[in-house]
Amino acid sequence: MQSTVRIEMTSILSTVSNGTPAVLDMDPFSIPCLEDPFSLQHAVRETDTVVWLKPYGIYAVGRHAEAKDVLSDHTRFTTTAGVGLADIRDPNAWRVKNPLLEVDPPEHSQIRSALMKIMSPIVIRRWKSMFEEEAELLVSRLLEKGTFDGLTDLAETFVTTVFPRTVGITIDREKVIQFGDLNFNANGPQNELYWRAFEKVEPLLPWFDDAFKREGMTPGGIGAQIYDAEEAGIFPKGTAVGLVRVLFRGGFDTTISGIAFALQQLAAHPRWWNWLREDWRRAGAVFDEALRHQSPAQVMFRTTVPEGATIGSHSLEGDKKIAVFIGAANRDPRRWDKPEIFDPTRDVSGAHLAFGVGAHACLGLLIAKFEAEAVLGAFARRVNTLEPDGKPKYRLVNTLRTLSSLPLRVTAP
Ligand code: HEM
């Protein structure tokens with residue numbers, strides 16, 4: 001609490017005046033802010049409805065209502081300049097725009113609705129039993145061990161086993177982790193974290209260019225169907241590779257992080273662990289609240305349209321990036337009672353912003369939920385006691401909140 005106050009006092013350079021947002025001199029991607037995101041979230045959220053983040057020359061919002069507004073309204077806030085900090089329209093941009101995430105409606109709506117046919121709830125439900133079988137096997141193995149790492153041995157092992165099967169791609173676990181690290185660092189600034197991730201991945205770039213081509217797709221998976229649809233003219237020519245990539249980029253780290261956060265809270269709070277054991281069908285509520293509470297996708301970006309935009313009484317310049325602090329919005333006391341407390345009896349589903357909102361809301365939400373329900377449900381059915389076996393550690397990533405290790409101890413009934 002003390003440090004929150006100190007950071008605020010020294011960092012707010014100007015307060016609200018004549019429609020200009022207050023200026024905040026904090027670097028959200030510095031090591032201290034990534035280590036303690038809650039002080040940064042507090043500062044962004046409580047300073048003003050929208051702030052000017054001085055170190056990057058961008059706007060930022062952290063309140064639930066404004067975050068929802070910015071993410072939902074493409075007529076004021078576009079994704080066509082990229083959902084990261086960098087403006088991908090810049091001729092020197094290091095990457096091309098993604099054909100789903102970085103296009104606005106109506107172009108986006110056509111691609112999205114075709115993808116939603118390939119990834120319909122009926123299709124996704126068919127994978128449920130595969131998720132459940134794998135979860136049962138994994139939980140049995142971990143029960144035999146007694147102590148294990150909830151992040152690497154459980155969440156990472158599970159997601160990297162089942163998720164590639166849905167996309168229909170064979171992929172090495174280490175590569176998944178390293179590319180994920182680069183992806184979520186690259187959405188932020190090109191700081192040391194980014195360059196460290198980039199150096200690790202650089203030798204693998206030729207592999208990355210090939211991995212998502214048609215030849216790499218297993219028949220029947222989402223990936224192969226996306227290529228079929230491209231051939232049939234449903235998706236514009238040349239977009240299939242980008243569509244498969246966005247699934248790959250969106251589907252691993254976020255789900256791994258969310259499952260680990262749920263386990264972290266269950267191990268720390270015997271009350272909620274017993275509550276889940278009483279009825280394992282509560283696993284979905286535990287997962288949703290864990291996502292609200294720590295929000296894996298911490299920050300996404302939009303850009304004001306060229307003519308500028310307003311938020312409440314503030315006028316924003318055109319063509320400026322705006323950071324949407326999802327983690328801050330999910331702890332906004334205007335929206336949630338005692339937001340810092342983990343309480344899976346809250347009704348958060350569809351209200352928290354961890355999966356985004358509006359046209360670009362997460363397309364893999366149901367897959368992530370079924371994965372989490374399978375694994376947390378198997379835990380609740382088969383495990384008697386679940387406790388911490390040491391302190392959890394966090395991996396610092398520019399735009400992702402995630403653990404690097406979660407030591408756990410379990411006993412069988
Ligand atoms: C707990 C797990 C997950 C979290 C927290 C999460 C979070 C998000 C968020 C915040 C967005 C919105 C981005 C924006 O508005 O800029 C998003 C979009 C997206 N997610 Fe997820 N995601 C998760 C799992 C998945 C999975 C498993 C997949 C793959 C099947 C996936 C694929 C996508 C795609 C394709 C989009 C872009 C949708 C569009 O632009 O229309 N996500 N996700």
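Rule-based calculations on the coordinates, nothing more; no lab input. In this text the structure is predicted, and so the values were computed from the model without any measurement. For neighbour counting, all protein chains shown are included, and Cβ atoms are generated from backbone atoms with ideal geometry for every residue, glycine included.
What is the stretch 141-199 by shape, rounded, prolate or oblate, if you read a ≥ b ≥ c off the alpha carbon gyration tensor as root eigenvalues and call it rounded for a/c under 1.5, prolate for a/b larger than b/c, and oblate otherwise?
On the way: a/c = 3.32, a/b = 1.64, b/c = 2.02.
Oblate shape, in that a/c is at least 1.5 and b/c is the bigger or equal ratio.
So what is the calculated 222 nm ellipticity per residue for the chain, using -39500 (n - 2.57) for each DSSP H run with n of 4 or more, over all residues, to the nearest 500 deg cm²/dmol? Show your work: numbers first, answer last.
Details: 18 runs with 194 residues, N = 413.
Using -39500 (n - 2.57) per qualifying helix, the result is -14000 deg cm²/dmol.
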### Task
Answer with one residue from V383, G146, Q264: the one whose Cα lies farthest towards the positive end of the charge dipole of the chain, charges on Cβ with Lys, Arg +1 and Asp, Glu -1.
V383
### Message
Which residue, V244, V51, I88, has the largest displacement toward the positive end of the dipole of the chain when charges sit on each Cβ (Lys, Arg +1; Asp, Glu -1)?
### Response
V244
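Rounded to the nearest 0.05, what FRET efficiency do E174 and T20 give with R0 = 60 Å and r taken as the Cβ-Cβ distance? Could you check? All intermediate terms of the calculation are to be shown ahead of the outcome.
Numbers: r = 48 Å, r/R0 = 0.79.
Efficiency computed from Cβ-Cβ geometry: 0.80.
Taking R0 as 22 Å, what's the FRET efficiency between E307 and D87 from their Cβ-Cβ distance, rounded to 0.05?
It comes to 0.85.
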### Query
Hey, could you pull the Cα Rg and Dmax for the chain, both in Å?
21.0, 64
